[in-house]
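The values are calculated or read from the model by the stated rules, or taken from the named source; none is laboratory data. All of these numbers come straight from a predicted model, not from anything done at the bench. Methodologically, a virtual Cβ is constructed for each residue, glycine included, from the backbone with ideal geometry; neighbour enumeration extends over all protein chains shown. Areas reflect the complete protein model, heavy atoms only, side chains present, ligands, DNA and RNA absent. Shrake-Rupley method; radii C 1.70, N 1.55, O 1.52, S 1.80 Å.
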Amino acid sequence: MLFLYNIVIQITGLTLNFIALFNSKIKLFVSGRKNVFDILEQKIKPSDKTIWFHAASLGEYEQGLPVIERIKEEYPSHKIVVTFFSPSGYEVRKNNAVAEATVYLPLDTKKNAQQFLELVHPDMVFFIKYEYWLNYLNELHKRKTPTYLISGIFREKQMFFKWYGGFYRKALDSFSYFFVQNEGSKKLLQQLGKTNVAVSGDTRFDRVAAILEKDNTLDYISKFKNNTLTVVVGSSWPKDEALLLDFINSNTLNIKFIIAPHNIKSDQIEQLKDSITKKTVLFSEKQDKNLGDYDVFIIDTVGILTKIYSYADIAFVGGGFGNPGVHNLLEPATFGVPIIIGPNYSHFAEAIALVNMGGCISVSNTTELNAAFKDLITDASFRIEKGHICSTFVSMNKGATTMILKNILNDTI
């Protein structure tokens with residue numbers, strides 16, 4: 001089966017090279033991998049001690065960041081290597097301050113895995129949440145390199161738990177320890193005979209809780225908000241915006257809206273702006289504008305949404321009207337902001353919990369959305385209560401990073 005897996009990887013590589021001629025995102029995926037080994041040769045010397053973290057994309061990187069930062073503190077003589085699979089992660093965080101080398105992960109061929117590990121020669125490896133690249137894992141197993149899964153989550157539908165998934169199950173032998181998010185994941189691994197498992201929770205709670213200790217001030221957002229009740233729409237997609245536009249355009253209350261779309265392509269941004277009848281300004285055109293005079297602020301840039309949530313009185317988090325579902329709820333939650341989402345959230349434990357607890361309201365149509373907004377806007381005590389549920393939920397679930405580090409440092413695993 002590993003032979004077939006390797007054939008599929010080779011075919012995938014050839015296919016991506018062709019698609020890259022026509023697709024800008026795939027072009028980044030392909031071109032970004034061309035110089036990985038040269039970069040590693042320049043930044044990692046044979047005598048260096050290293051620790052390697054792998055994240056599929058931006059969300060997984062942010063999820064693992066608390067552990068990366070703590071490991072860096074505990075092992076100051078080691079160089080940190082961070083790899084990404086997706087351009088949406090690498091292109092945003094390629095210049096991060098925590099790693100000495102940040103690169104794309106070369107495709108999972110046996111040759112690439114061997115060459116990568118020869119150059120990086122890590123003392124420890126951390127895979128964040130998921131992504132199980134068989135050749136890399138097999139090589140790590142051969143080298144007896146301590147390898148950990150952090151904030152892992154397992155579901156019955158995964159190949160590990162199918163009758164035909166034997167070669168994937170074997171790859172799990174590469175992990176020294178599994179730090180998983182919930183009891184369900186632990187039980188599934190135990191069914192495979194894995195006893196090296198601990199329920200540590202989700203390190204994302206530690207990351208978002210730490211945000212409160214940082215300076216989240218954005219002067220231009222303060223000027224726009226101008227002490228007015230503000231709704232922040234984060235990571236919205238066209239399906240989300242289609243429902244929101246009706247409320248924004250018809251609203252007669254003294255409310256302001258900040259919209260940070262998931263995609264910031266200029267044509268989509270212009271289309272969104274043209275669909276709004278209220279006085280609207282873009283982030284890219286904010287210079288020399290009296291921002292307090294505007295009703296809607298569209299953020300056509302990336303990297304500042306977390307800080308913007310600190311100004312929110314109400315948050316609408318996008319993605320819940322599409323597949324796979326809603327985006328990150330924990331960032332607005334940590335600021336004690338009540339949240340509205342679409343109906344597709346069943347794959348996200350934190351969304352399920354917050355909806356059940358009442359801090360988050362799920363809506364399926366325009367009528368429900370308008371009703372949720374009306375309740376949160378007109379009833380301050382109701383709004384504050386919902387927000388308090390959200391911040392308490394984040395606070396109660398902190399501690400995964402400490403548990404992981406305690407086990408690793410004390411060598412109790």
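The table below gives the values:
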quantity	calculated
Ordering of 198-207, 274-283 by packing [mean C-beta count within 10 Å, highest first]	198-207, 274-283
Gain in span if fully extended, ILE264 to LEU2, counting 0.36 nm per residue against the direct Cα distance	90.3 nm
Normalised contact order of the chain, rounded percent, pairs of Cα under 8 Å and 6 or more residues apart	12
Backbone HN-Hα couplings from phi across the stretch 216-226 [Karplus 6.51/-1.76/1.60, Hz, Gly and Pro as x]	9, 6, 10, 4, 5, 6, 4, 5, 5, 4, 6
Cα-Cα over 19 Å, subset of LYS43/LYS110; LYS72/LYS111; LYS129/LYS398	LYS43/LYS110; LYS72/LYS111
Exposure of GLU156 as accessible area (Å², to 10), given a probe of 1.4 Å and all protein chains	130
Length added when fully stretched, LYS406-GLU285, from 0.36 nm per residue minus Cα-Cα	38.8 nm
Probe 1.4 Å, all protein chains present, accessible-area order of VAL302, VAL180, largest first	VAL302, VAL180
Accessible-area ranking of HIS54, HIS141, HIS327, HIS78, largest first, probe 1.4 Å	HIS141, HIS327, HIS78, HIS54
Calculated from backbone phi, Karplus (6.51, -1.76, 1.60) coupling profile of the stretch 90-95 in Hz, x at Gly/Pro	5, 5, 7, 10, 5, 10
Calculated FRET value between ASP246 and ASN95, using beta carbons and R₀ = 41 Å, to 0.05	0.55
Signed unit charges on C-beta, dipole axis of the chain, positive-most listed residue TYR164, ASN249, PHE22	TYR164
List MET159, MET1, ordered by accessible area with a 1.4 Å probe, largest first	MET1, MET159
Segment LEU192-LEU16, extension gain: residue separation times 0.36 nm, minus the distance between their alpha carbons	59.9 nm
Area accessible to solvent at LYS307, 1.4 Å probe radius, in Å²	80
Sequence-distant residues sharing a close amide H with ILE361 (under 5 Å, placed H)	ILE339, ILE340, ILE341
Cross-link partners of LYS374 among lysines (Cα-Cα below 20 Å; sequence separation of 8 or more within a chain)	LYS225, LYS256, LYS278, LYS386
Heavy-atom accessible area per residue - the chain, 1.4 Å, Å²	47
Counting DSSP beta bridges with both ends in the chain, the antiparallel % (nearest 5)	0
Where Rh is the Kirkwood radius over Cα pairs, Rg/Rh for the chain	0.99
Surface share of carbon and sulfur [accessible, 1.4 angstrom probe, percent] for the chain	51
